[in-house]
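Asks: Before I ask anything, let me first share the structure, which is written out below as structure tokens.
Readers should treat all values here as calculations from the given coordinates under stated rules, not as data from a laboratory. All of these numbers come straight from a predicted model, not from anything done at the bench. Note: ideal-geometry Cβ built from the backbone for every residue, glycine included; neighbour counts use all protein chains shown.
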Amino acid sequence: MSSLSLQELSVSRTDREQSSGKMTSAKDDLYPRKLLDYMEGFMVSKTLFAACELGVFEQLHASAQPLSAADLAQALGLSSDATERLLSACVGLELLNTQTNPAGEVFYSNTEMSTVFLTESSPRSLYHSIQYSSRTIYLCWHYLTDAIREGKNQYEKAFGINSKDLFQALYRSDEEMVKFMHLMNSIWNICGHDVITAFDLSPFRCICDLGGCSGALAKLCLSLYPQSSLIIFDLPKVIQTSRQHFVSEPHERISFCEGDFFKDALPPADLYILARILHDWTDERSIELLTKVYQSCTSGGGVLLIEALLYEDNSGPLTGQLYSLNMLVQTEGRERKGSDYSRLLTTAGFTCVQIHRTGKLYDVILAQK
Ligand SMILES: C[S@@+](CC[C@H](N)C(=O)[O-])C[C@H]1O[C@@H](n2cnc3c(N)ncnc32)[C@H](O)[C@@H]1O
């Protein structure tokens with residue numbers, strides 16, 4: 001009994017009381033389970049990050065049979081004892097399955113979720129998102145308290161770089177830019193279909209994905225709207241990398257445009273997609289960009305915003321609320337409510353604002369010229 005944690009004690013006592021039909025006492029209600037979970041939440045993230053970075057899921061996927069901690073440690077050049085603890089924690093997190101042989105040896109294999117989402121080669125992989133969360137986002141969050149005091153991003157403290165030009169800081173090396181592009185790319189493997197089909201986009205024949213990055217959404221549009229052609233607009237370095245690594249197959253319905261959307265003319269189009277663009281910027285810069293979009297848009301055309309929308313009464317969703325803090329530590333922007341985007345759009349001249357919540361990470365707003 002003495003080896004049980006406080007949490008386990010609480011569970012077993014509650015279970016006993018429930019099975020004997022007794023009411024839970026007020027003292028048990030005060031057990032701060034939620035707070036303990038929150039306090040230790042970073043340990044969960046770090047366990048996932050470490051297992052991914054060390055190649056645990058990849059190695060188990062490549063192996064024809066479940067592996068012991070010692071086998072895995074040897075294959076990956078890790079400490080055997082430490083690997084056993086890591087694997088055990090992954091079992092607790094339901095990222096790995098175990099089998100025990102008659103001699104009591106434990107063997108580990110991936111769960112289906114880990115195979116689909118945590119191995120690098122899977123078409124629905126979150127591997128690159130996890131890498132970026134571990135190596136960049138987590139470091140910025142270390143300075144969240146300072147960010148709240150100062151009301152600004154924490155690139156200077158986290159990486160020793162000036163963040164006056166946001167994307168110069170984000171793209172501080174070619175390697176960092178490619179990592180960011182992989183991060184942007186990977187989430188659309190999971191949420192892309194929902195956002196691109198939220199509204200019927202078939203009336204829009206020329207679609208420009210502004211800040212289109214890796215071209216993930218443009219490629220999805222191509223497959224879902226066979227009558228449409230796509231322009232991917234982004235900063236020159238991003239477009240060059242996109243063509244080299246992400247949209248390397250030439251396609252007659254995809255073209256590329258290098259430029260700065262604040263400074264250069266935008267290509268004319270029937271629909272502009274701005275996916276996760278406005279959340280990087282202040283209201284003033286967002287209105288400046290939307291006004292430019294309005295002026296370049298053909299009459300009867302529109303704009304499609306793809307963002308994580310907050311509820312109107314500030315009650316959630318929690319992911320959007322946390323993303324808004326993430327925008328604070330990393331960018332100049334914020335996550336917003338539907339009504340905030342509506343205001344920005346109408347200020348820029350757009351009308352008929354329609355909002356579609358997908359129930360997943362990203363929601364969609366369509367407005368017309
Ligand atoms: C947060 S990312 C979103 C990428 C993509 N829309 C998506 O959702 O996956 C912002 C994108 O805007 C691009 N961007 C930032 N500033 C820009 C500028 N001044 N002109 C053109 N593109 C810019 C970045 O290179 C990046 O691809």
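Asks: Would you kindly state how much longer the chain becomes between T197 and E312 on full extension, computed as 0.36 nm times their sequence separation minus their alpha carbon distance, in nm to one decimal? Spell out each step's value before the answer.
Replies: Values: separation 115, 0.36 × 115 = 41.40 nm, distance 2.38 nm.
The span from T197 to E312 would gain 39.0 nm if fully extended.
Asks: At S45 and E332, where each label point lies 7 Å from the Cα along Cα→Cβ, what is the point-to-point distance in nanometres?
Replies: 2.5
Asks: What number does segment 194-368 give for Rg over Rh if you use C-alpha atoms and the Kirkwood radius?
Replies: Values: Rg = 15.4 Å, Rh = 16.3 Å.
Rg/Rh: 0.94.
Asks: Mean Kyte-Doolittle of at least -1.0 and a Cα length of 24 Å or more along the axis: which whole DSSP H helices of the chain meet both? Kindly include the intermediate steps, with their values, before the conclusion.
Replies: Details: long enough: 174-196 (31 Å, 0.14).
Helices passing the filter in the chain: 174-196.
Asks: Run through segment 231-310 and list the trypsin sites (Lys or Arg not before Pro) located in a DSSP loop whose Cβ has at most 12 other Cβ atoms within 10 Å. Walk me through the numbers on the way to the answer.
Replies: On the way: sites: K237, R243, R253, K263, R276, R285, K292; in loops: R253, K263, R276.
Sparse-neighbourhood loop trypsin sites (Lys or Arg not before Pro): K263.
Asks: Here is a follow-up. Please list, ordered by chain and number, the residues whose modelled amide H lies under 5 Å from the amide H of S255; skip anything fewer than 5 residues away on the same chain.
Replies: L230, I231, I232
Asks: Using alpha carbon coordinates only, what is the Rg to Rh ratio of the chain, with Rh defined as the Kirkwood radius?
Replies: 1.03
Asks: Another one. Restricting to segment 264-369, what percent of DSSP beta bridges are antiparallel, rounded to 5?
Replies: Values: 10 of 17 bridges.
Taking every DSSP beta bridge with both residues in segment 264-369, the antiparallel ones total about 60 percent.
Asks: Taking 0.36 nm per residue of sequence separation and subtracting the Cα-Cα distance, how much length would be gained by fully extending the chain between E150 and E112, in nm to one decimal? Provide the component values of the computation, followed by the final result.
Replies: On the way: separation 38, 0.36 × 38 = 13.68 nm, distance 4.32 nm.
Gain in length upon complete extension: 9.4 nm.
Asks: Exceeding 31 Å between C-alpha atoms, which entries from my cross-link table qualify? They are K164/K337; K152/K369; K34/K179; K152/K337.
Replies: Working: K164/K337 26 Å; K152/K369 34 Å; K34/K179 34 Å; K152/K337 20 Å.
Violating the 31 Å limit, Cα to Cα: K152/K369; K34/K179.
Asks: Calculate the FRET efficiency for E175 and E249 from the Cβ-Cβ distance with a Förster distance of 35 Å, rounded to the nearest 0.05. Walk me through the numbers on the way to the answer.
Replies: Values: r = 24 Å, r/R0 = 0.69.
According to the calculation, E is roughly 0.90.
Asks: In addition: Scan segment 194-298 for GluC sites (Glu not before Pro) in coil per DSSP, keeping those whose Cβ has at most 16 other Cβ atoms within 10 Å, and list them by number.
Replies: E252
Asks: Go ahead and run the numbers for FRET between Q65 and Y38, Cβ-Cβ distance against an R0 of 41 Å, rounding to 0.05. Working shown, then result.
Replies: On the way: r = 38 Å, r/R0 = 0.93.
Efficiency, from the Cβ-Cβ distance: 0.60.
Asks: Under a GNM of the chain (C-alpha, springs under 10 Å), which listed residue has the highest mean-square fluctuation: K219, K34, K46?
Replies: Residue with maximal mean-square fluctuation among K219, K34, K46: K34.
Asks: Could you work out how much longer the chain between I161 and S121 gets when fully extended? Use 0.36 nm per residue separation minus the Cα distance between them, nm to one decimal.
Replies: Numbers: separation 40, 0.36 × 40 = 14.40 nm, distance 3.27 nm.
Length difference between fully extended and current span is 11.1 nm.
Asks: So, with +1 on the Cβ of K and R and -1 on the Cβ of D and E, and no other charges, what is the size of the charge dipole of segment 226-302 about its Cα centre, to the nearest 20 debye? Walk me through the intermediate numbers first.
Replies: Working: 7 positive and 11 negative charges, 21 e Å.
In debye, rounded to 20, segment 226-302 gives about 100.
Asks: Which GluC sites (Glu not before Pro) in segment 47-148 sit in a loop by DSSP (not H, G, I, E or B) and have at most 12 other Cβ atoms within 10 Å of their own Cβ? Could you put the intermediate results ahead of the total?
Replies: On the way: sites: E53, E58, E84, E94, E105, E112, E120; in loops: E94, E105, E120.
Here the GluC sites (Glu not before Pro) that fit, given the DSSP loop and packing criteria, are E94, E105.
Asks: Follow-up question, since we're still on this one. Which residues make up the longest stretch of the chain that has no chymotrypsin sites (Phe, Trp or Tyr not before Pro) in a DSSP loop with at most 13 other Cβ atoms within 10 Å?
Replies: On the way: sites that count: F262, Y311.
Answer from the scan: 1-261.
Asks: Counting helices only, and only those DSSP H runs with n ≥ 4, report the 222 nm mean residue ellipticity of the chain as the sum of -39,500 (n - 2.57) divided by its residues, in deg cm²/dmol to the nearest 500. Working shown, then result.
Replies: Details: 19 runs with 177 residues, N = 369.
For the chain, the value works out to -13500 deg cm²/dmol.
Asks: Of the beta bridges DSSP finds with both residues in the chain, what % are antiparallel, to the nearest 5?
Replies: Percentage antiparallel, nearest 5: 45.
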